[in-house]
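The values are calculated or read from the model by the stated rules, or taken from the named source; none is laboratory data. Note that the structure is predicted; figures quoted are calculated from it, not measured. Positions of Cβ are generated from backbone atoms using ideal geometry, with glycine treated the same way; all protein chains shown enter the neighbour counts. Heads up: the accessible areas ignore ligands, DNA and RNA and are worked out on the full protein's heavy atoms, side chains in. Shrake-Rupley method; radii C 1.70, N 1.55, O 1.52, S 1.80 Å.
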Amino acid sequence: MEKIISRPWSWSWLAAALTFAITSALTDGSGAGALAYAALSFGAFAAIVGLGQMIVITLGPGNVDLSIPAVMTLSGTLALKAMGSEPGTAMLGLGVAVLVGLGTGAANFALIYALRLPPIVATLAASLVYQSIAIWSNRGLRIKPPAGLADFATGRVLGVPNVALVGLALAIVVWIALERSVWGRWLLASGQNLRAARLAGVPVETVRASAYVTVTVLASVAGYLLASFSGGAALNMGQDYLLMSIAVVVIGGTSIAGGLSNVPGVWGAALFMFLVVSMLNSYGAGAGVRMVLTGLIIIGIVIAASTKRARK
Amino acid sequence: MQQSAFEQDAPIVALTDVAKHFGAVRALDGVDLEIRPGECLGLVGHNGAGKSTLVNVVNGGVAPTAGAVAFPASGAAAALSAGVRSVFQELSLCPNLTVAENLRISHAALKGPGWRRAARAEIGQSLDAVFPGHGIEADATVDILSIAERQMVEIAIGFADRGAEARLVILDEPTSSLDAGIAEQLMAHIRRFCEGGGAVIFISHMLGEIFAVASRILVMKDGKVVADRAAPDFTRQGLVDAMGHVAGDATHERGDQTRSLGEEVVHTPQGLSARRGEVVGLSGLAGHGQARALAQLYLGTTSSWRATGRPQMVFVAGDRTRDGILPLWSILRNASISILSETAKWGLVDREVETRNAEKWKRRIGIRTDDMNNPVLSLSGGNQQKVLFARALASSAPVVVMDDPMRGVDVGTKQDVYAMIRAEAASGRTFLWYSTETEEVCQCDRVFVFRNGRISAELTGAELTEERILEASFEMQEA
């Protein structure tokens, strides 16, 4: 038990379980199944973008990708446009989304590397361009996803939402990459001390580039799934995911100082973030109160988790 | 210096049966120690013998597990108010602040308008007193200073007024990054300071320095004091024996002179070159471009974009915290980072090879830990340096670049590493080795002496003597 508590990811799961218990207690447990289903569905999108953000944040202080919302919007918009509601085009749409991810990630890193812009500025500025391209290509049309794809995105297998299964699969891939692969070691080394990593023979620029491309590819996949899930792309569909992607990383126990990442924690935190909002909703809190309380709860969790780690 | 401020006979600090345990590790195991005004205590022992822990107990940095620490001379309860100052081997200045601002951190009385002027004057005075002709600006930010200059600033802060008199200054390996001339100035200042009634604890792995400055020598081994006598009662050999390591006096035994070397494998526009199987030394006064030449060579040869299966060159850092250690990781992961691309299967880390590598190097280079999965920061400074050696030597790279890698490494380990370097060179590896210790450089096959960022001399064979190196370091004009 002691060993489990001391793991940084346990906090986000503990918080998620607690919030879940409080919320379902209000409905005498009758809505518990539906609540869990909704949390898994909506949490999946936050988890997918959170995994990407985590990889970038692991690179160390100053590394963050603020273009996630714009990339999600652009990928959702272009993928749906390419598919044009035609049946059997789901893979084409996915291909478009991945290409959008590769392109935006390469552009972001080009700005960071060639122009030596701080990542915050580079990704924020680039996101204006991506958002504009999305607006220009969308032109107010709302294209529906192909029926098969929409069914998949809202469907379930063995009672678990399909999007959650995709999110889980992606989390496993990221976990293997970080914990078992040479690339993961290189990433963690670069995040601890970039200069020392370079002098130890780590190809640090390749590592940084791949991190910035991975985050946009994951954001694109999330955008593609979200657009299919909600029946079409909207220009503000990525909006919530800017703060969300960073919050799930921090609550999940990944170190902002770099060099330490935490895959299970991201999933726990994604569930927690959804559950907090639905808990406050079910207690009838208004929008303003809800946001204040959400903020305070996040701060509390981060403090609790970090003091625990400091004592260790 | 006010002689009257010291009560002549009361010790400045008195330790009674002090012990400090870190988990199962007994870093200190029952130490009694008194230091009186006017004494210069030389503290020697291997890496991990407990020297750093002992000084941390004296300066209040760690609380002892058992035993008592008292400051009878001043009657103070805490080390700081008793006038105990520490200068650490790990450089602890804030790199983004100026020299004067760094003084302010340990001198809380400097405040109000104009504190910067007072700080500038104080640090300037102290630098002038310890290192006449130092050439360090009080307004320079620390990150533009060389590692030797930083160490000088740190020493000067240790001896500075800071509102209350320094009674006991602890110097932990102060000379390891200083060249001979600067170290000599420090020695002279320590003697003056002790004559004036101050006391010094001086830790060094260079026995010559200990004999030059210490009035009393304390030898530590495995957390215990094994010898504590006046300095003249020790001989060099006796001291080494007391430390419990057999170090041959064969420092000048160079490898087989007639050994044929291979083709040239390194050549820089600056004129630095090395052949296969050669040990090439870089020497000269500290901060004259040796470290930069090596960094340029390494960064120019290897790529930030591509990692080949077999690296062309590996680097052993001397500035551990800046260039070497990955602080969040275990010893094992630190030791294996440079061999990952060679041993990986399908891009995945082969953890069996990794564990075998760690065990092999733990044995070969004697890393003092019971488990290689312990965090690397649980090791003492010298042992961390061994991990960096292991990291480089474990790879199959044909060229090894070493940037003053022996800082904080004890005499016994140095001998082991020298032997290892000779053996590796004999099997065809090339070493480029920058060292601030002339004695070390004299073991190389060939030496380039640097002055003002340029190579001022290339010495081989019989020309390779300490005198010639010093000559080339100081020469004012090209002949």
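Cut-off under 20 Å on the C-alpha distance; same-chain residues fewer than 8 positions from A:Lys144 excluded. Which aspartates and glutamates are left, in chain and number order? A:Lys144 reaches A:Glu86.
For chain B, the carbon plus sulfur part of the accessible surface works out to 51%, probe radius 1.4 Å. Summed over both chains, the contact between B and A buries some 2600 Å² of accessible surface at a probe radius of 1.4 Å.
Using a 1.4 Å probe on the heavy atoms of the protein chains only, list every residue of the stretch B:322-342 that has 40 Å² or more less accessible area in the complete assembly than in its chain alone. Hits at the 40 Å² cut-off: B:Arg322, B:Asp323, B:Leu326, B:Leu328, B:Trp329, B:Arg333, B:Ile337, B:Leu340.
For B:Phe448, A:Phe152, the ranking by accessible surface with the largest value first comes to A:Phe152, B:Phe448, using a 1.4 Å probe. For the pair the stretch B:141-180 and the stretch B:303-370, the centres of their Cα atoms are 33 angstrom apart.
Taking the Cα centroid of the stretch B:401-453 and of the stretch B:116-133, what is the distance between the two, rounded to the nearest whole Å? Between the Cα centre of the stretch B:401-453 and that of the stretch B:116-133, the gap is 35 Å. The accessible area of B:Lys111, taken with all protein chains in place and a 1.4 Å probe, comes to roughly 150 Å².
For the stretch A:2-311, the dipole from Cβ point charges (+1 on Lys and Arg, -1 on Asp and Glu) about the Cα centre works out to 540 debye, to the nearest 20. Principal axis extents of the Cα atoms in the stretch A:2-311, from largest to smallest and rounded to whole angstrom, are 59, 56, 37.
Within chain B, antiparallel bridges make up roughly 45 percent of the DSSP beta bridges whose residues both belong there.
Comparing A:Ala287, A:Ala234, A:Ala150 in a Gaussian network model of chain A (Cα springs below 10 Å), the most mobile by mean-square fluctuation is A:Ala287. Can you give me the Cα centroid spacing of the stretch A:111-136 and the stretch A:233-312 in angstrom? The distance from the Cα centre of the stretch A:111-136 to that of the stretch A:233-312 comes to 25 Å. Accessible area per residue for the stretch B:121-226, computed on protein heavy atoms with a 1.4 Å probe, is 32 Å².
Once you sort the root eigenvalues of the Cα gyration tensor of the stretch B:146-211 as a ≥ b ≥ c, which label holds: rounded (a/c under 1.5), prolate (a/b larger than b/c) or oblate (the other case)? Here the stretch B:146-211 falls in the oblate category.
For chain A, relative contact order (Cα pairs under 8 Å, six or more residues apart, normalised by length) works out to 37 percent. Shown are B:Ser378, A:Ser282, whose ranking by accessible area with a 1.4 Å probe and every protein chain present, most to least, is B:Ser378, A:Ser282.
Per-residue surface analysis assigns B:His46 an accessible area of about 30 Å², computed on protein heavy atoms at 1.4 Å probe radius. So, R0 is 45 Å and r is the distance between the beta-carbons of A:Ile303 and B:Trp346; what FRET efficiency does that work out to, to 0.05? For A:Ile303 and B:Trp346, the calculated efficiency is 0.60.
Could you tell me how many degrees, from 0 to 90 and to the nearest 10, lie between the Cα long axis of helix B:180-195 and the main elongation axis, the longest principal axis, of the Cα atoms of chain B? Once rounded, the angle reads 20 degrees. Counting only protein heavy atoms and a 1.4 Å probe, the stretch A:2-311 has 41 square angstrom of accessible area per residue. Computed with every protein chain present, the accessible area of B:Asp241 is close to 90 Å² [probe 1.4 Å].
Across the cross-link table entries B:Lys20/B:Lys51; B:Lys360/B:Lys386; B:Lys386/B:Lys414; B:Lys224/B:Lys362; B:Lys221/B:Lys360, which are compared at the Cα atoms, the separations over 18 Å belong to B:Lys224/B:Lys362; B:Lys221/B:Lys360.
Charged side chains reduced to their Cβ positions (Lys and Arg at +1, Asp and Glu at -1) give the stretch A:150-221 a dipole of some 280 debye around its Cα centre.
Between the listed residues A:Ser228, A:Leu128, A:Asn281, the Cα displaced farthest toward the positive end of the dipole of chain A, a dipole computed from Cβ unit charges relative to the Cα centre, is found at A:Leu128.
For chain B, the longest principal axis of the alpha carbon atoms and the long axis of helix B:411-426 meet at an angle near 10°.
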